[in-house]
Amino acid sequence: MCVGSAVGLRRPRLGLSCKEGAADAQDRWGQAGVDGVGPMTLLRPTHIREVHSFGRLRDGPEAELQGIIAKALPDLIDSSGSRVWAGSSLPIGAGLPDLLAATYRPQVEMIAALSSQHLAIIAYLRSVSKAKLDTIADRVAAPVSRVSTCVECLLEIQVIRRIGNSFRLYDEWRDVLPEVVAIEVKVSDWRRGVQQAARNLLFANKSFLALPLRVAKRVKQDEFAGAVGLGLIGIDDLGALHVVRRPRKSSPKVWSYYYGVAQAVAASTRGT
């Protein structure tokens, strides 16, 4: 079995075989049953229990704004009754988004303790309809024997299925996180914030840049931010949030990053 966590998180109950780990997760989740400026509705606290921190938040005005926005995360994501996870400072590729919110399917727990090799296979199969074993091995740059072991594990926990001599992701795993929203928070250097928020679209469906309200109104005129579909949040002097521009929804572009977020969700919600 390929063992290890792709995002360096604490892995619950390591030492289980792939099949045992799947059964453990199954036991746990199987029991669960317009542009413009205007004030947002704040805080539906029953939807998000906590914001999982993956890095130390530096003191300062940005930390204060981030705290305000964290309380409003349920209003920034289309939960539609789904479970919602929130995190801060999660390393994703070369990026470190200030805040993330994601809706997730309960079976995401199944990938909590999988290795980076497993995730690479899942990510590749998300980018194609189906693929043969040797093609998968070639695309993830790993020996066929090792990929074969990981594929057998993914078959056991029903992340993928066999179609003839090819393999395909189960449909529910193609969007195991139905929506991912990323938020960058800035009090100055908004141009850098625009670049960071745009980069978050590599793995997120929607990306916001949050700024003091007076700055957010100016940034609304920025052509690049509008062209890539960034949402803008303004925080006024009283701490109220305003949606200056709503984001355009898109599909993630780097699936390895997307499933890295999924594993972070899995590891921090497992057993809750």
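The numbers here are math on the coordinates, done by the rules we state, and not lab data. As the structure is a prediction and not an experimental result, all values here were calculated from the model. Positions of Cβ are backbone-derived with ideal geometry, glycine not excepted, and every protein chain shown enters the neighbour counts.
Taken along its principal axes, the alpha carbon cloud of the range 98-160 reaches lengths of 37, 25, 21 Å, longest axis first. Set the Cα radius of gyration of the range 113-272 against 2.2 N^0.38 Å, with N its number of residues, and you get 1.29.
Using a cut-off of 21 Å between Cα atoms, the listed pairs 186/220; 220/253; 132/253; 206/253; 71/220 include 220/253; 132/253; 71/220 as exceeding that distance.
Note down the relative contact order for the range 65-173 as a percent, whole number, built from C-alpha pairs under 8 angstrom at least six residues apart. It would help to have the intermediate numbers written out before the result.
Details: 105 pairs, mean separation 19.9, N = 109.
Once divided by the residue count of the range 65-173, the mean separation gives 18 percent.
Spatial offset of the range 145-161 relative to the range 79-111 amounts to 24 Å, using the alpha carbon center of each.
Across the range 153-252, the mean sequence separation of Cα contacts (distance under 8 Å, 6 or more residues apart), normalised by length, yields a relative contact order of 21 percent. Packing around the peptides 240-251, 135-146, taken as the average count of other Cβ atoms within 10 Å per residue, puts them in this order, highest first: 240-251, 135-146. What the Kirkwood sum gives for the range 41-175 is a hydrodynamic radius of 17.2 Å, with every pair of different alpha carbons counted. Principal axis extents of the Cα atoms in the range 211-272, from largest to smallest and rounded to whole angstrom, are 42, 30, 13.
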